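Enquirer: Before I ask anything, let me first share the structure, which is written out below as structure tokens.
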Amino acid sequence: MSTDRTSPDKDAPRSLMGKIGRGVVKVLTLFVILEPIWMLLPFAGFLYGSVLQIQTLNRNPQTSWLTHFVFPVLTLGWLGPVLVVGGLLVFLIGAGQIYWAKIRRSGIVTGGLYRLVRHPQYIALTMFGLGLLLAWGRAIMFIAFFMMMFLYYYLTKSEERTCIRLFGDDYREYRKRTSFIFPGDRFLRSMRDKLPGVKLPAPARITGAFVLTMVLCFALMWVIQTIKIAYRTVPYLTEVVDLGPVRDASLNVEMTSGRGGGIPFVQAGRIAVVRGPYRNASASGLAEHVLQRARQSARLDEFLDFLDTPGADVAIVFCGPYDPPRGVDDPGPGMYAGGAPGGRGPGPDPHGADRVRLILMRCTLAPQATIADALDDKSKRTIVGGCVARVDLARPEDQDIVVGQANIAGPGFPGEDRWDYFFKQFSRLPRAAERPPALALPGRYGKGRLVLVKAPILRTRIDPGFAAEIRDRLVASATFRSRLRKAGLGGPVVAVAFPRPGPNWYREHHGTPQLSLFVMMVRLESGANTDDLFHPSRRELLSAFIISMDFAIDPPADSVGEATMIGLWRDLEERWRFFLSGLGAESMQHSHP
């Protein structure tokens, strides 16, 4: 048996690099295989949240796309699962041949699959990985797949050097009559031999090849994404929701939406309510609701009565958590998202979505200054008094929204400290768009439109009855209808719901599952229709809330839980893109009332 003439000293680094390469490729292969599998496990939330900390990808716009899908889920139907099964069978057959030869000590394996190609197991793993991509094509898996293919190539080269060293001319003859990885690729050798050779050191060649592989990877991602978005259709169901009686027009307040220093607010005359930083206050409809009811409150009137007489003073209202924060740097419960176990999304507000603490500041503005100017530059205003009050916006119209008494303070009110505290909280939040959010007026409409998107849960697309039951339960839920009314549903404002797996989904999704629905309040541009929801230029995302639904609760009992509010400071566009990223060119399935 002939041996390779490479010296032992040169073999040692090659052997070390081979071990490192094999270790890396095993990790990448396991990742590509396990990524869709652990999504089917009951503790997927723990893996993604507490262990992998995948929420850190979503917080950064530069990395959030890694959680999106490149290929739509189940691209080309069931071809992906077929490739997975086929790849597994080919791998097992190839591995069986190798280990049977080792047991028998029969030398080179040249029969069966190895008669066609020299590395059938790598073909099998490629089929397996490609099948997973077609079934569950997340961006991070797509990148890992290309890295895996790159390492497979160099591992095959390393293994062939080892085989030549062990089997000598027998293996060289075997190489001449068989293909490398794909059947028939040996006919390409003559073309390769005619190409001019590039003599570079091995590190330079490998680095250059890796860069070219990644360029090809990202170029294909861009092409696939472009084609997918161009031809994507969104399956959804729609229904008209009864919101109850229209609010008495005499109680309506004329409002405008503005922004000062990057901070959005809602204004009615000389009083303005800031949207945030407390996330409930930045949700659609809450600031508007405060404005609608603040002047009806007898307990607030003692402080706000200066608005009834001509003057330059204004009232600027900030909203904080119902219970005051425990320390200067502690924003208290519900200030912004991220308080749930494992940091996955917002934790629920212990006092509910309708209770807030109002910090009202009476300010004297500089000549010609506006409320927007005061928020942009505090030298344009002087705080001359303040008031703190706990309010419950869920109280009926004939009751005062203030719980207990409003605490009114005079010139000694620490307004500057409070002002700086809230602005510090704003500075920690992502920068919002420059355009002021559109108004959403609670109680202005008696009916509104709900759109249930059949994504991202696959069952909502392949089981029409399941999707219809979700829609019907939502429409029948008094809890859900009340939340939509408070969020300003109606007219140009539409509610778009995305069903997501709930706590017991992976155990009970074919029985009595629990769902989590991410509901976005969306304002359509003038003249736009429901299909225009999926064209960003024709709609504006206002805010969102998360609700739970338990199918174990039988109608007519209400199966919808309380809402957890999501404000302007969460990247709603990113969430919207993620929910739709698993869709491709499917048939439009609309159900209109």
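The values are calculated or read from the model by the stated rules, or taken from the named source; none is laboratory data. In this text, all values refer to a predicted model and were calculated from it rather than measured experimentally. Note that we place each Cβ from the backbone using ideal geometry, even for glycine, and neighbour counts take in every protein chain shown.
Enquirer: Please go through (1) touching a strand residue (DSSP E or B) at 6+ places or on another chain (Cβ under 6 Å); (2) part of a loop (DSSP other than H, G, I, E, B); (3) crowded, with 21+ Cβ neighbours inside 10 Å for Phe480 and return the number of the only condition it doesn't satisfy.
Expert: For Phe480, the exception is condition (2).
Enquirer: Now for a separate question. Residues that are surrounded by fewer than 21 Cβ atoms within 10 Å (Cβ to Cβ), in a strand (DSSP E or B), outside the structural domain of Ala467 (by TED's automatic domain parsing) and among the aliphatic types (A, V, I, L, M): does the stretch 406-426 have at least one?
Expert: Yes - at least one qualifying residue is present in the stretch 406-426.
Enquirer: Pro499 fails exactly one of the following numbered conditions: (1) assigned to a loop (DSSP other than H, G, I, E, B); (2) under 25 Å from Pro72 (Cβ atoms); (3) not aliphatic (A, V, I, L, M). What is the number of that condition?
Expert: Single failed check for Pro499: (1).
Enquirer: Is it the case that the stretch 436-452 has a residue that's surrounded by fewer than 15 Cβ atoms within 10 Å (Cβ to Cβ) and not in a helix (DSSP H, G or I)?
Expert: Here is the first cut: in the stretch 436-452, the residues surrounded by fewer than 15 Cβ atoms within 10 Å (Cβ to Cβ) are 446-447.
Then keep just the ones that are not in a helix (DSSP H, G or I); that gives 446-447.
Looking through the stretch 436-452, at least one residue is surrounded by fewer than 15 Cβ atoms within 10 Å (Cβ to Cβ) and not in a helix (DSSP H, G or I).
Enquirer: Suppose the filter is assigned by TED's automatic domain parsing to the domain that holds Gly137, surrounded by fewer than 16 Cβ atoms within 10 Å (Cβ to Cβ) and either at pLDDT 90 or above or more than 38 Å from the chain's Cα centre (by Cα) (or both); does Ser179 pass it?
Expert: Considered against the rule, which asks whether it is assigned by TED's automatic domain parsing to the domain that holds Gly137, surrounded by fewer than 16 Cβ atoms within 10 Å (Cβ to Cβ) and either at pLDDT 90 or above or more than 38 Å from the chain's Cα centre (by Cα) (or both), Ser179 comes out as no.
Enquirer: Does the stretch 522-531 include one or more residues that are without any contact (Cβ under 8 Å) to a residue 24 or more places away in the chain, outside any loop (DSSP other than H, G, I, E, B), of a type outside the set (Phe, Trp, Tyr) and over 24 Å from Pro442 (Cβ atoms)?
Expert: Looking through the stretch 522-531, at least one residue is without any contact (Cβ under 8 Å) to a residue 24 or more places away in the chain, outside any loop (DSSP other than H, G, I, E, B), of a type outside the set (Phe, Trp, Tyr) and over 24 Å from Pro442 (Cβ atoms).
Enquirer: Quick check on Leu66: is it within 30 Å of Asp571 (Cα to Cα), under 29 Å from the mean Cα position of the chain (by Cα) and assigned to a helix (DSSP H, G or I)?
Expert: Yes: the conditions hold for Leu66.
Enquirer: Hey, another quick one. Pick out the one residue from Ile470, Ile462 that is at pLDDT below 95 and among the β-branched types (Val, Ile, Thr).
Expert: Answer to the check: Ile462.
Enquirer: Looking at the stretch 377-405, which of its residues are part of a strand (DSSP E or B) and not hydrophobic (A, V, I, L, M, F, W, C)?
Expert: The answer is Arg381, Thr382, Gly385, Gly386, Arg390, Asp392, Gly404, Gln405.
Enquirer: For the stretch 153-173, enumerate the residues that are touching a Ser or Thr at 6+ places or on another chain (Cβ under 7 Å) and part of a helix (DSSP H, G or I).
Expert: Scanning the stretch 153-173 gives Arg165, Asp169.
Enquirer: Hey, among Arg459, Arg395, which residue is among the basic types (Lys, Arg) and touching a residue at least 24 places away in the same chain (Cβ under 8 Å)?
Expert: Just a single option satisfies the conditions, and that option is Arg459.
Enquirer: Here is a follow-up. Hey, could you check the stretch 109-166 for residues that are without any contact (Cβ under 8 Å) to a residue 40 or more places away in the chain and of a type in the set (A, V, I, L, M, F, W, C) and say which is nearest to Phe579 (Cα to Cα)?
Expert: Going through the qualifying residues, I end up with Ala124.
Enquirer: Next question. Filter the stretch 370-399 down to residues that are over 30 Å from Val246 (Cα atoms), in contact with a Lys or Arg (Cβ under 9 Å, 6 or more places away or on another chain) and among the small types (Gly, Ala, Ser), then give me how many there are.
Expert: The qualifying residues number 4.
Enquirer: Another question, then. Please work out if Phe466 is outside the structural domain of Asp301 (by TED's automatic domain parsing), in a helix (DSSP H, G or I), closer than 28 Å to Pro245 by Cβ and touching a helix residue (DSSP H, G or I) at 6+ places or on another chain (Cβ under 7 Å).
Expert: When the stated conditions are applied, Phe466 does not pass them.
Enquirer: Of these, Val117, Val73, Val109, Val90, which one is among the β-branched types (Val, Ile, Thr), surrounded by 15 or more Cβ atoms within 10 Å (Cβ to Cβ) and within 30 Å of Ile229 (Cβ to Cβ)?
Expert: On the way: Val117 fails: within 30 Å of Ile229 (Cβ to Cβ); Val109 fails: within 30 Å of Ile229 (Cβ to Cβ); Val90 fails: within 30 Å of Ile229 (Cβ to Cβ).
Residue meeting the stated conditions: Val73.
Enquirer: While we're looking at this one, here's another question. Is it the case, given these coordinates, that Leu155 is of a type in the set (A, V, I, L, M), in the same structural domain as Arg172 (by TED's automatic domain parsing) and surrounded by fewer than 19 Cβ atoms within 10 Å (Cβ to Cβ)?
Expert: Spelling it out, Leu155 is indeed of a type in the set (A, V, I, L, M), in the same structural domain as Arg172 (by TED's automatic domain parsing) and surrounded by fewer than 19 Cβ atoms within 10 Å (Cβ to Cβ).
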